[in-house]
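Student: Let me give you the structure first, and then I'll get to my questions.
The values are calculated or read from the model by the stated rules, or taken from the named source; none is laboratory data. Everything quoted here is computed from the prediction, not taken from an experiment. No Cβ is skipped: glycine too gets one built from the backbone with ideal geometry, and neighbour counts run over all protein chains shown. Heads up: the accessible areas ignore ligands, DNA and RNA and are worked out on the full protein's heavy atoms, side chains in. Shrake-Rupley method; radii C 1.70, N 1.55, O 1.52, S 1.80 Å.
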Amino acid sequence: MKKSKGIALFLVLGSTGVLAVMLGAFVTVNQSNFSTMGASFRQREALHAAETGVRFCQYKLEHDKTWAKNKFSGAEIDLVQGTPPRGLKVEELMLKTAVRGAVIDDTGLDQGFEIEIYNNLDNDAAQNTPRVVPPDSALLVVTGHSQGFQNRCEVLLKGAPIYDSSMTANVDVNLTGNKNLQVVSVDPLRNWIRANRDIVLGHFVEGATTENVTMSTLANAPPSVLWAKGDIKHSLTPVSGGGTYEALSGAKLEQARQKINSGANGIPLPAGYNANGSLATRSSLNNNIYKLKVSDLVVPYQESQLEAGSYYVSSAPVSWTVNGQEYTVPLRSLSIYREGQPPEIHYDHSAFIAANLPAAGPDGLPEGFEFPNSAGAVMVPHDDGVVRLGSGPAPADWPAFGPHAMIYAFANNGFQTNPKTMVKVDGDLNIFSNVVDQAPVVALTGDQDGQSDGSGAIRTTGSLGIMGTVAGRGSLIAESGDLNIMATAAVDSDWTDPENKVILYGKNVSIWGGDKPVVAFNGLAYAQENLSIHGGVQLTVNPDRTLSFAPSAQKLKTVWINGAAVAATGSLKIDSCDNVTALYNDYYLKKFTKGLPQNHKRLEQMWWRSPD
């Protein structure tokens, strides 16, 4: 028995010795691997420290775009909370545009970052010294460290526009009923149509299709995208067959992708663009839409005042008899209807003067003449053919305009706003016409006859309606009411000029195509709720000056949106048009909006790279 116990002890000691030798050999062989693992862990911690510093700087710049524009005065920012303490301690380095930060956690390790900030946000030109920084960007030169290990990188933050899509809606984007749809952008990185619910398209996927969808991008740019948090749907029947829609998925979704990338049909691609599109359906993200306020818009700071009411342009041949002699004069008038006041009828007295008619009575009209529908109205003749409306500062570079908010000229059937002022209306303003083939032009710019190069604006506290052409550059703002434009020509009469740009702003914004072929604008159309553009509708003014909407067989030939269209809380719809082009162009967003309030700014990380 004693002999057996001795053998067991020998075996245990021998096994232990062999294991000890093997463990020593393992440690010796893998010592370099353990060192590498430790270094890798510290390198990863240094990277995390660098990422923490970048997030801190991006937060600071998004909440104050002027941060680090000038050298710091040495302030400290303590963001440590809890027990054990966790967070950041950041020092803005004295007389530098740089910060030093320490990451505080329960490990007690030495972790942190140093970042040099080169802030060129809101500048249209590149910054070349001491570092090259592109326009409207901020460059971060970052060093993260942990226990003696470092991670060095450079990060470029680029200013992002308040809207990144040619069409944006919080509910649906409905584009069915249009023969051709083209989605395009001048920005290689932003080429979207976005809906937080569904995007509804026409009959373009299968069978004898009657509609086309074309999506194009600049060469070598990311694809154009239709992005929906809900479904992307297509019509199963032609427009004339009624609306039956189906969500695209599976094989049909792939078939739709092939169709939009074929480039074979629809509107020809712009020069330098390739067919390149994608359909992003059922997104798990939400597109946060900034709620634009009137105070966010760039509008003239001077105001002129115009009384609320309906301004009604009429034209008709008028006949009467004096001493057995019959006279006929083509007469154009501007009737003004204001609540609680007798109507005013302003008429072109120059027509009577030119006709050499019998002597005028006390009201300037020939004896025996009775103006149609003038009972109880105040008759106002205008020998020079110009009606001067409201009050405002007299334009120094247009003396003939005078101290008024707006003028109306009978000769060209045109309204002209006071250049470089905002025409303020307390209440509703409507400009209507029964001159079907010669509806009035409302010019927002003061460059008529080369007199001024300013931009005008009309701002109502209620609703704003215009039955006619909106020309030039400026703003139409219905602050708390609806904006209705009954277009009888292009919304912007010379929309091929990129400097002719407009803001359309209202609770609901509607553009009715009338019987003319084009609705087009350069700029921003923003609806607090719903935005719509309709072809196939004819509007008429009833005797009581209300509007009637009647179906019309004539569609709009062209809808051209160069800029952005936004339905902030509702839906966006374009219907009954032959060719719809949605061209995203943030040039107009920058020109017309001040950006986010309180020096806030949206930023995007354009790249993250190792230093040269």
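Student: Here are some conditions: (1) in contact with a Phe, Trp or Tyr (Cβ under 7 Å, 6 or more places away or on another chain); (2) in a loop (DSSP other than H, G, I, E, B); (3) in contact (Cβ under 8 Å) with a residue 24 or more places away in the chain. T143 meets all but one. Which one does it not meet?
Tutor: (2)
Student: Looking only at the range 85-99, decide whether some residue is among the polar types (S, T, N, Q) and more than 37 Å from the chain's Cα centre (by Cα).
Tutor: Looking through the range 85-99, none of the residues is among the polar types (S, T, N, Q) and more than 37 Å from the chain's Cα centre (by Cα).
Student: Within the group F415, F371, F410, F432, which residue is crowded, with 21+ Cβ neighbours inside 10 Å and either at pLDDT below 80 or over 32 Å from the mean Cα position of the chain (by Cα) (or both)?
Tutor: Result: F410 is the single residue among F415, F371, F410, F432 that is crowded, with 21+ Cβ neighbours inside 10 Å and either at pLDDT below 80 or over 32 Å from the mean Cα position of the chain (by Cα) (or both).
Student: Exactly one of these conditions fails for V155: (1) farther than 30 Å from G108 by Cα; (2) open to solvent by less than 10 Å² (accessible area, probe 1.4 Å); (3) not acidic (D, E). Give me its number.
Tutor: The one condition V155 does not meet is (1).
Student: In addition: Given the criterion among the hydrophobic types (A, V, I, L, M, F, W, C), in contact (Cβ under 8 Å) with a residue 12 or more places away in the chain and touching a Lys or Arg at 6+ places or on another chain (Cβ under 6 Å), identify the matching residue among F113, F149.
Tutor: F149
Student: Another one. Mind counting the residues in the range 320-368 that are open to solvent by 40 Å² or more (accessible area, probe 1.4 Å), at pLDDT 65 or above and among the acidic types (D, E)?
Tutor: Residues meeting the conditions: 3.
Student: Quick check on the range 160-179: of everything there that is over 14 Å from the mean Cα position of the chain (by Cα) and modelled with pLDDT under 90, which residue is surrounded by the fewest Cβ atoms within 10 Å (Cβ to Cβ)?
Tutor: Only one residue fits best here, namely K179.
Student: Filter the range 154-173 for residues that are of a type in the set (A, V, I, L, M, F, W, C) and outside any strand (DSSP E or B); which is nearest to K229 (Cα to Cα)?
Tutor: Among those residues, the one meeting the criterion is V171.
Student: When only residues in the range 103-118 that are open to solvent by 10 Å² or more (accessible area, probe 1.4 Å) and under 38 Å from the mean Cα position of the chain (by Cα) count, which is nearest to A49 (Cα to Cα)?
Tutor: Initial filter on the range 103-118 (open to solvent by 10 Å² or more (accessible area, probe 1.4 Å)): 103-111, 114, 116, 118.
Okay, now just the ones that are also under 38 Å from the mean Cα position of the chain (by Cα), so 114, 116, 118.
Values: E114: 10, E116: 15, Y118: 20 Å.
Out of the qualifying residues, it is E114.
Student: Out of Y290, Y301, report the one residue that is among the hydroxyl-bearing types (S, T, Y), under 23 Å from the mean Cα position of the chain (by Cα) and open to solvent by 40 Å² or more (accessible area, probe 1.4 Å).
Tutor: Y301
Student: Something else: Which residues, counting only those in the range 538-569, are at positive phi and open to solvent by 70 Å² or more (accessible area, probe 1.4 Å)?
Tutor: R545
Student: Is it the case that W607 is surrounded by fewer than 15 Cβ atoms within 10 Å (Cβ to Cβ) and either at pLDDT 80 or above or in a helix (DSSP H, G or I) (or both)?
Tutor: Considered against the rule, which asks whether it is surrounded by fewer than 15 Cβ atoms within 10 Å (Cβ to Cβ) and either at pLDDT 80 or above or in a helix (DSSP H, G or I) (or both), W607 comes out as yes.
Student: For the range 268-284, enumerate the residues that are in a loop (DSSP other than H, G, I, E, B) and either of a type in the set (A, V, I, L, M) or open to solvent by less than 50 Å² (accessible area, probe 1.4 Å) (or both). Before the answer, list the steps.
Tutor: As a first pass, look at the range 268-284 and keep what is in a loop (DSSP other than H, G, I, E, B): 268-272, 276, 281-284.
Result: L269, P270, A271, N276, T281, S283.
Student: Six or more apart or on different chains, Cβ atoms under 9 Å: show the pairs whose first residue is in the range 218-240 and farther than 22 Å from R197 by Cβ and whose second is open to solvent by 30 Å² or more (accessible area, probe 1.4 Å) and of a type in the set (A, V, I, L, M).
Tutor: These pairs meet every condition: L218/V186; A221/L189; P222/L189; P238/A208.
Student: Looking at (1) more than 24 Å from the chain's Cα centre (by Cα); (2) at pLDDT below 85; (3) open to solvent by 30 Å² or more (accessible area, probe 1.4 Å), can you tell me which one R257 breaks?
Tutor: All conditions are met except number (2).
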